[in-house]
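S.K.: The structure is given below, and queries will be raised subsequently.
What follows is calculated from the coordinates using simple rules that are stated; it is not laboratory data. What you are looking at is a predicted structure, and each value in this text was computed from that prediction instead of being measured.
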Amino acid sequence: MKMLSHLALLLLVVGGLNWGLVGVANYNLVEVLFGSWPVVVSVVYDLVGLAALFMGYQMVMCAAGKGGCCSADCQK
């Protein structure tokens with residue numbers, strides 16, 4: 001579970017940086033890197049969205065005291 005949480009966090013950082021670049025400089029790094037492969041662009045966006053859902057779930061579970069990455073379960 002810890003590895004999945006780290007991967008999700010990495011995807012959120014990548015997605016956040018990309019949206020920051022889009023907002024500040026109108027520069028979409030994902031499109032620049034993978035624009036010639038539209039399927040890969042869609043997969044990257046899908047993975048970032050799934051990572052956001054997963055991390056949101058983790059936060060809710062942690063706040064409810066039912067696990068998530070704030071518990072000892074995540075350290076395994």
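S.K.: Under the 0.36 nm per residue contour assumption, what length would be gained going from the current alpha-carbon distance of TRP19 and SER5 to full extension?
M.R.: Details: separation 14, 0.36 × 14 = 5.04 nm, distance 2.09 nm.
Here the answer is 3.0 nm.
S.K.: Starting from 0.36 nm per residue, how many nanometres of slack lie between VAL39 and ALA52 once their C-alpha separation is accounted for? Write out the running numbers ahead of the final one.
M.R.: Working: separation 13, 0.36 × 13 = 4.68 nm, distance 2.00 nm.
Fully extending the segment from VAL39 to ALA52 adds 2.7 nm.
S.K.: Through the Karplus equation 6.51 cos²θ - 1.76 cosθ + 1.60, θ set to phi - 60°, convert the phi angles of the stretch 20-36 into ³J(HN,Hα) values in whole Hz; use x for Gly and Pro.
M.R.: x, 5, 5, x, 7, 10, 6, 10, 9, 5, 4, 5, 5, 6, 10, x, 6
S.K.: Could you give each residue of the stretch 4-14 its phi-based ³J(HN,Hα) in whole Hz, using Karplus coefficients 6.51, -1.76, 1.60 with θ = phi - 60°, and x for Gly or Pro?
M.R.: With coefficients 6.51, -1.76 and 1.60, one gets 5, 5, 5, 5, 4, 5, 4, 5, 5, 5, 4 Hz.
S.K.: Turning to a different aspect of this structure: Principal axis extents for the chain, Cα atoms only, whole Å, descending order, please.
M.R.: Projected onto its principal axes, the Cα set of the chain covers 43, 24, 16 Å.
S.K.: Let me ask something else about it. Helix 38-63 versus the longest principal axis of the chain: what is the Cα-based angle in degrees, 0 to 90, to the nearest 10?
M.R.: 20
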